[in-house]
Amino acid sequence: MTPVKEKLKVDPIKSGTVIDHITAGKALVIADVLNLNPPENLMMIGVNLHSRKMGAKDILKIENRRLTEDEMNSIALISPTATIIAIKDFVVVEKRHPAIPDTISDKLICPNPNCVTNVEQIPTRFEVVDRDPVSVRCHYCEKKYAIQDVQFKF
Amino acid sequence: MQNLVSMRQVNKDEILRLIDLAAQIEQGKIKPDLSGKLGALLFFEPSTRTLFSFDTAIKRMGGNSIVMAGAGSTSVKKGESLADTLMTINQYADFIVMRHKVEGAARLATEVVDIPVINAGDGTNQHPTQAMLDLYSIFKTQGTLQNLTIAMIGDLRLGRTVHSLAQALSEFNPTFYFASPGHLQMPRYIKDELRAKNVRFEEVEDIKPIIPKLDVMYVTRIQKERFAVLEDYEKVKDAYIITPDVLTRVKDNFVLMHPLPRVNEITTDVDKERYAYYFQQARNGVFMRQAIISQLLQLV
Ligand SMILES: [Zn+2]
């Protein structure tokens, strides 16, 4: 597949953010986590696109939206391969490979139903224990989970 | 050390320091003075045995205690948050000993109060004072924690005691044998942690061949209440019954440990054998809890 063909599938945006090299199948999860609402954010999603580097990838383009440091960290957890590109007037102004944070505050829901964070009204906290693949340990119940088994708070 | 919530946060040096302190307290060389101090024993989940052990430790040092046993009689029933209950207790007591069926409850307590918190068991997660008294018992009988061969037998899946103990001992170059019936094996995450630390362990079905190699055998109860179907419990409950006949070829330094209460996994005719150590183990618990309280309140 040629780059031209890919461009046809997902149009360029004037200003905003492009998230490229997303692990195939994770673009919708990222859209959820970023709390993107279609009426406010013009958004284009490409799923299972051909990638020379990755085989298959997703891509997400959001008009008129810059991401916070915090949001970029969340994206790194969902797809460590993601590249985040800031666009202004069709020009790339910044390119970032977000880092997986050491701790994750109040973004994840502990899958353990008997964890105090699911019984009391308190924020969750996880420590990242492995990075490839990502696994996290609950600061409270101390149970360890693969990141794909953990739900994000929306 | 400000709190004792999880064995994950107790390093090798701290383990050895607490063991040394417990030994000095037991031998009467150190007499910590807890007079004028009040411990709040908050047992949201009942456990008479652990409660008595802590209360004995406190009173042996001249301290006082207020006790909440079971959540039934308190505001917990009225829907008060755990944080509010703890903040109130924080106004009364000098330290908190807490048992709760919810995992992470003791960790939360440390973030809410400004007095020391001791975790006396949080669900299936941690029970660090049990792990510490087990380590003290092993040290007392073996003279070291280093290079020991230890078998753990019974419910290894849900028994937090054996998890904490295996994790703590993994710093001391042990050799482990694990024997458990049916689906009650040591969880994968514990085995992964042991592998990561290059700890030798083997899962065995037949315990006979390993008996002559053992320094310590640690037996746990198979808990009926953990089984949804009674027949499943009946199937596995008698898988490993320890009798004097099972232990005929043991080493001179061999000891048999059990966190108590036992049901039938160690027969009562074992009790008179010199290696039967479980009641002394319970006694050691008081000295270790004295050591832990003294350390956290900086009495020593
Ligand atoms: Zn948790």
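The values are calculated or read from the model by the stated rules, or taken from the named source; none is laboratory data. Computed from a predicted model, the values in this text were never measured in an experiment. Note: ideal-geometry Cβ built from the backbone for every residue, glycine included; neighbour counts use all protein chains shown. When the accessible area is computed, the model is the full protein with side chains, heavy atoms only, and any ligands, DNA or RNA have been set aside. Shrake-Rupley method; radii C 1.70, N 1.55, O 1.52, S 1.80 Å.
Listed values, structure above:
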{"read-out": "Residue in the stretch B:124-146 that is buried (at least 23 other Cβ atoms within 10 Å of the Cβ), within 14 Å of chain A (Cβ to nearest Cβ), within 16 Å of the ligand (Cβ to nearest atom) and in contact (Cβ under 8 Å) with a residue 40 or more places away in the chain present", "value": "yes"}
{"read-out": "Contacts under 8 angstrom Cβ, first residue in the stretch B:91-118 being of a type in the set (A, V, I, L, M, F, W, C), partner in a strand (DSSP E or B) and open to solvent by 10 Å² or more (accessible area, probe 1.4 Å), 6 or more apart", "value": "B:Ala93/B:Leu38; B:Ala93/B:Ile66; B:Ala106/B:His100"}
{"read-out": "Complete set of residues in the stretch A:19-77 that are part of a strand (DSSP E or B), more than 25 Å from A:Asp130 (Cα to Cα) and of a type outside the set (A, V, I, L, M, F, W, C)", "value": "A:Gly46, A:Asn48, A:His50, A:Ser51, A:Lys61, A:Glu63"}
{"read-out": "Of the criteria (1) touching a Lys or Arg at 6+ places or on another chain (Cβ under 7 Å); (2) of a type in the set (Gly, Ala, Ser); (3) open to solvent by less than 30 Å² (accessible area, probe 1.4 Å), which one A:Ser105 fails", "value": "(3)"}
{"read-out": "Which numbered condition B:Arg8 fails, given (1) open to solvent by less than 60 Å² (accessible area, probe 1.4 Å); (2) in a helix (DSSP H, G or I); (3) of a type outside the set (Asp, Glu)", "value": "(1)"}
{"read-out": "Which listed residue, of A:Lys57, A:Lys88, A:Lys61, A:Lys95, is touching a Leu at 6+ places or on another chain (Cβ under 6 Å), away from the ligand (no atom under 16 Å from the Cβ) and of a type in the set (D, E, K, R)", "value": "A:Lys57"}
{"read-out": "Counted residues, the stretch B:147-197 - those being within 20 Å of B:Ile266 (Cβ to Cβ) and in a strand (DSSP E or B)", "value": "9"}
{"read-out": "Unmet criterion (only one of (1) touching a residue at least 24 places away in the same chain (Cβ under 8 Å); (2) open to solvent by 30 Å² or more (accessible area, probe 1.4 Å)) for B:Phe279", "value": "(1)"}
{"read-out": "Where B:Ala23 falls short, out of the listed (1) open to solvent by 10 Å² or more (accessible area, probe 1.4 Å); (2) assigned to a loop (DSSP other than H, G, I, E, B); (3) away from chain A (no Cβ under 14 Å); (4) touching a residue at least 60 places away in the same chain (Cβ under 8 Å)", "value": "(2)"}
{"read-out": "Residues satisfying the stated conditions in the stretch B:88-114, i.e. touching a helix residue (DSSP H, G or I) at 6+ places or on another chain (Cβ under 6 Å), more than 11 Å from every other protein chain (Cβ to nearest Cβ) and not in a strand (DSSP E or B)", "value": "B:Val113"}
{"read-out": "Of the criteria (1) closer than 16 Å to B:Leu247 by Cβ; (2) open to solvent by less than 20 Å² (accessible area, probe 1.4 Å), which one B:Asp206 fails", "value": "(2)"}
{"read-out": "Restricting the stretch A:144-154 to residues that are open to solvent by 30 Å² or more (accessible area, probe 1.4 Å) and either part of a loop (DSSP other than H, G, I, E, B) or within 14 Å of chain B (Cβ to nearest Cβ) (or both), the residue that is farthest from the ligand (Cβ to nearest atom)", "value": "A:Phe154"}
{"read-out": "Residues satisfying the stated conditions in the stretch A:104-143, i.e. within 14 Å of the ligand (Cβ to nearest atom) and either closer than 19 Å to A:Ser79 by Cα or within 17 Å of the chain's Cα centre (by Cα) (or both)", "value": "A:Ile104, A:Ser105, A:Asp106, A:Lys107, A:Leu108, A:Ile109, A:Phe126, A:Glu127, A:Val129, A:Ser135, A:Val136, A:Arg137"}
{"read-out": "Residue satisfying condition, being open to solvent by 40 Å² or more (accessible area, probe 1.4 Å) and within 12 Å of the chain's Cα centre (by Cα), within set A:Leu28, A:Leu34", "value": "A:Leu28"}
{"read-out": "Pairs where the first residue, in the stretch A:128-154, is farther than 20 Å from B:His163 by Cβ and the second is charged (D, E, K, R) and open to solvent by 20 Å² or more (accessible area, probe 1.4 Å), C-beta under 7 Å, 6+ apart", "value": "A:Val128/A:Asp102; A:Phe152/A:Lys107; A:Lys153/A:Asp106; A:Lys153/A:Lys107; A:Phe154/A:Asp32"}
{"read-out": "Matching residues in the stretch B:59-75 - criterion: being touching a strand residue (DSSP E or B) at 6+ places or on another chain (Cβ under 8 Å) and at pLDDT below 95", "value": "B:Met68, B:Ala69, B:Gly70, B:Thr74"}
{"read-out": "One residue from B:Thr129, B:Thr124 being in a helix (DSSP H, G or I) and either farther than 17 Å from A:Glu120 by Cα or in the same structural domain as B:Met68 (by TED's automatic domain parsing) (or both)", "value": "B:Thr129"}
{"read-out": "Scope the stretch A:109-140; condition in a loop (DSSP other than H, G, I, E, B), in contact with a Lys or Arg (Cβ under 8 Å, 6 or more places away or on another chain) and within 11 Å of chain B (Cβ to nearest Cβ); matching residues", "value": "A:Cys110, A:Asn112, A:Asn114, A:Thr124, A:His139, A:Tyr140"}
